[in-house]
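A short worksheet on the structure shown next.
None of the figures in this text is laboratory data; all of them are computed from the coordinates on show. All values derive from a computational prediction rather than experimental measurement. Because the Cβ atoms are built from the backbone with ideal geometry, glycine has one as well, and the counts that use them run over all protein chains shown.
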Amino acid sequence: MDDCIFCKIIKGEAPCFKVYEDEKVIAFEDINPVTEGHTLIVPKEHAENLYEISPESLAAVHVASQKVIHAIKKALDPVGVVAVQLNGRAVNQIIMHYHLHLMPRGADDPPLGASHCGTKPGDMDALKKTAEKIAAAVGE
Ligand SMILES: [Zn+2]
């Protein structure tokens, strides 16, 4: 994709603060970090989102994320790390090239929004119906 900033970074046509790279994946610092060490794990294959990414690239992103989270732990010693992946502009995906965010949280950082989505006790009947609907659609 010619106008995709992540594809430009992958091709070396745009700069990044790289922390990891292998055959299928690159990881670099988010230039608008939520917290120190906010890192993006990006497949080299251009795929917009979880709907489109190949199983091979998806697996590679998550295997790489495990290497990077260990490095973040060693380098920054966070109290926790949020892993977030957004699909669609309606949920604030800004770069339309699949990426997984790793956002470490230090002891003094404010709570990360992604881990405070407003959970509440669920209605068991509604949960059962929703689970049945999704389960029926798996593999369709
Ligand atoms: Zn791209």
Hey, can you rank 71-80, 130-139 by average C-beta count inside 10 Å, highest first? 71-80, 130-139
Do any GluC sites (Glu not before Pro) in the range 1-108 lie in a loop, going by DSSP, with at most 15 other beta-carbon atoms within 10 Å of their beta carbon, and if so which? 13, 23, 36, 52
If the chain between residue 31 and residue 137 were fully stretched, how many nm would it gain, using 0.36 nm times the residue separation less the Cα-Cα distance? 34.4 nm
Can you give me the Cα centroid spacing of the range 51-66 and the range 69-140 in angstrom? 16 Å
PRE zone check, label point 7 Å out along Cα-to-Cβ of residue 52, amide N under 20 Å, scope the range 1-21, hits 1-14
Along Cα→Cβ, 7 Å out, is where each label goes; now give me the distance between the ones at residue 20 and residue 2 in nm to one decimal. 3.4 nm
Quick one: which residues, 5+ away or cross-chain, put their amide H under 5 Å from the amide H of residue 49? H built at 1.01 Å from N. 98
For the range 37-49, Karplus couplings with θ = phi - 60° (6.51, -1.76, 1.60), whole Hz, Gly/Pro x: x, 4, 10, 10, 9, 10, x, 6, 6, 6, 9, 5, 7
For the range 13-30, take each phi angle, set θ = phi - 60°, evaluate the Karplus expression 6.51 cos²θ - 1.76 cosθ + 1.60, and give the result in whole Hz per residue in order, putting x for glycine and proline. 8, 9, x, 7, 9, 6, 10, 7, 8, 9, 4, 10, 9, 10, 10, 8, 6, 5
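Which FRET efficiency value, to the nearest 0.05, do you get for residue 92 and residue 62 by plugging their Cβ-Cβ distance into 1/(1 + (r/R0)^6) with R0 = 22 Å? Can you show the working numbers first?
Values: r = 21 Å, r/R0 = 0.97.
According to the calculation, E is roughly 0.55.
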With n ≥ 4 as the cut-off for DSSP H runs, can you work out [θ] at 222 nm for the chain, using -39500 (n - 2.57) per run divided by the number of residues, rounded to the nearest 500? -9500 deg cm²/dmol
Given N residues in the range 9-140, what is Rg(Cα) / (2.2 N^0.38 Å)? 1.19
Can you list the HN-Hα couplings for the range 61-74, worked out from phi with the Karplus curve (6.51, -1.76, 1.60; θ = phi - 60°), rounded to whole Hz and with x for Gly and Pro? 4, 6, 5, 5, 4, 5, 4, 5, 5, 5, 5, 4, 4, 5
